[in-house]
1. Just by accessible area at a 1.4 angstrom probe, what is the order of ILE366, ILE373 from largest to smallest?
2. Hey, which lysines would be in cross-link range of LYS530, C-alpha to C-alpha under 19 Å, not counting anything within fewer than 8 residues on its own chain?
3. So which aspartates and glutamates can LYS592 reach, going by Cα to Cα under 17 Å and dropping same-chain residues fewer than 8 places off?
4. To check my understanding: the extent here is largest minus smallest coordinate of the Cα atoms along each principal axis. What are those three numbers for the stretch 296-414, in Å, largest first?
5. Which entries in the list LYS338/LYS636; LYS584/LYS636; LYS427/LYS464 go over 30 Å, if you measure between the two C-alpha atoms of each?
6. Of the cross-linked pairs LYS245/LYS356; LYS89/LYS165; LYS245/LYS633; LYS103/LYS284; LYS112/LYS245; LYS103/LYS253, which ones have a Cα-Cα span greater than 30 Å in the structure shown?
7. With the full set of protein chains in place, find how many percent of the accessible area of the chain is carbon and sulfur; take the probe as 1.4 Å.
8. Give me the angle, in degrees from 0 to 90, between the Cα long axis of helix 476-487 and the longest principal axis of the Cα atoms of the chain, rounded to the nearest 10.
Amino acid sequence: MNDATCHKSDAKIVKDTHEVDPATGDEQQFTIEGASCASCVTRIETAIRQVSGVSSAEMNFAQGTATVSGTAADAAIIAAVEKAGYSAKPSTSESDNDALEEKEKTELVYYKRLMREMTIALALGIPLMLYSLFAGEMTVSTNSERLAWLIVGLLTLGVMVFSGKHFYVGAWRSFRNHSANMDTLIALGTGTAWLYSMIVVFVPDLVPDMARHVYFEATAMIIGLINLGLALELKARGRTSEAIKRLIGLQAKTARVSRNGQELDIAIEEVLVDDIVRARPGEKIPVDGQVVEGHTSIDESMLTGEPMPVEKVVGDEVVTGTLNKTGSILFRATRVGKDTALAQIINMVKRAQNSKPPIGRMADIISGYFVPIVMIVAVVSALAWLNFGPEPALAFAIVSATTVLIIACPCALGLATPMSVMVGVGKAAEAGVLIRNGEALQTASKITAMILDKTGTITLGAPKVTDVILAGSDSEDSVLQMAASLESGSEHPLAMAIVESALERGLKQEKVSNFGAIAGHGVEAQLGDKHLLFGNEKLMEERGISIESVRDRAQTLAAEAKTPMYFAVNGSLAAVIAVADPIKEDSIVAIKRLQNSGIRVVMLTGDNRATAQAVADKVGIKEYFAEVLPEEKSNKVAELQMQGEIVGMTGDGINDAPALAMANVGFAIGTGTDVAIESADITLMRGSLHGLADAIAVSRATLRNIKQNLFGAFIYNVAGVPFAAGVLYPFFGLLLSPVIAGAAMAFSSLTVVTNANRLRFFKAQEH
């Protein structure tokens, strides 16, 4: 048969989208507390990976979660995290909705605490700063000034304990574990400023007259501003979970189930497999199932992005979260709870949001070295001021070291990648695009060549018999009956077209024996005393069956984008049966979108060359591979890769599995639950190639956003440190204030989060 004999078009989501390897064990998620920057992420991941039985561990700094795969016990993982200086607890929520509500409650409590701590700190810091700007010098020269500043120093200590305790506790934990993080920098900076000021208050004689300046306002302001930045960042981060919230919001709370002869409304958690469920007009489908009575139209746009309602009759599948529009139906529950397609989609999106693209892992590694380097720079800066700076050299040294420590906190660096990934993956899910992991997200943005399988991808995958050209003594009905009997066991779309055509004519199928599939060529079997052979031109040539009498007619059919197939009985040609698979309405526009974005589009098919050329011409594809056997598809992917292309492969995910695996990014295309995701990196819930163009557009926008965030964070940290160290002072007499550094550091994270949230407004253009 053409395209592929063993094609299977209906790969269902009936199992968890994440098949857990028995060797590596299950997957568990932990809530991590105490992580303050990207360097913390590196240490936590390293600590968990060193636990015996852990096969992989990834932490999402933006969400404060770690996803761990393997057979290790929870207690061992928690102990490893605590030994690294942090705390962890397993996620215990029964449902996604419970987990989200629990997370929102926790974040609300934390937000209120940060705002309270910020208010206390700024209540002291702002008056002190205003005093330093407008009222007088913050110096100690008399006993009354010493007493006044002592009181202020004690109040500042109260601020440090109440509003900044988490910084100092985090720094102490890191110190005990021979590491350093953002808390270390803040604690050192504010602690140094306060300690120096207290020395000036208690023993001013130890400090030169010109250096008797106190910096209590810097300590209070820095703590207040950083807490404010953390609070605003937390608020903005909450918006990145909107895609998950929408998906969870699709789930119905109750279901109307028929039990013991009566219909009852029960909680969704109580629905069992094989329950008969009623869905009335305007209601959400509560669980996955198969229609057993009635007919209706269902809006599946919330899952697939496809705007047109889909007609459903007895035998059709319905999917959780979709909206019943018109009729009332009864359906048998086939998947409930965490087995439903929607639950698995939510799980897939969450895991993708937690994963890191390679560019993100690079940022984590860099930030792991960044904090120690900053501490060294701060010390070198202080020594330079002490040895070469003007008077008061000691005061300048304290200010520059404190400013360097504060401005260089790599918090924004840690947020740069995960924030964009969370929003980008969520945005893709809203468009019916399921991205398996961060690596696929990044690679998809770089695709230079896209291979499209013809049947079911460019075409509808629902071909119809258009012509029957007789070449022997058998009648048209007889030929169709024998061909349908031969093909009755095949699931290939072209075979199904033969069977459907016979059924429409009321022709009864007969049982065949000795059935055999000839990969990429066709099928054969025995029907009574007749040997039947059905396939392409190559098969006829191999079996020595002449097709000269119909060759011209067959070529004409192929030029019309029809697929001519040859049917032989007992070694003689009986007929040519032509099947046409209509091109999807939007394939031409979607392919044009791909080409306009600079992607080389190539069509791949097992069909004959003339038919392939006719389809390629219609959709505007210049390159195509025809008469390709299933096992040769991956070779075509490799050929393009050898030409230097980064190759995407789009197919059904089953027959095309080797090619999907060989490609840099594999795309499975389908509709509803008929999605083959096992072999693909990205799954397109829509049947349209616009979903493919959308996936690439979203991935490019996301990677662009990540690069913007990383560039901003790197530039901020790298450029800010020299200014903080005092590089401008010899030329302009300017030295950056620790207070300004604290404000800049706090709002740099907010800038990264805000930029990531811009992705929520991204819309791919369908033209």
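The values are calculated or read from the model by the stated rules, or taken from the named source; none is laboratory data. Keep in mind that this is a model prediction, so the values were computed, not measured. Don't worry about glycine lacking a Cβ; one is built from the backbone with ideal geometry, like all the others, and counts go over all protein chains shown. Side chains included, ligands, DNA and RNA excluded: accessible areas come from the protein's heavy atoms. Shrake-Rupley method; radii C 1.70, N 1.55, O 1.52, S 1.80 Å.
1. ILE373, ILE366
2. LYS508, LYS511
3. Filter leaves ASP453, ASP617, GLU623, ASP694, GLU766.
4. 88, 22, 21
5. Those over the limit are LYS338/LYS636; LYS427/LYS464.
6. LYS245/LYS633
7. 58 percent
8. The helix 476-487 is inclined about 40 degrees to the chain.
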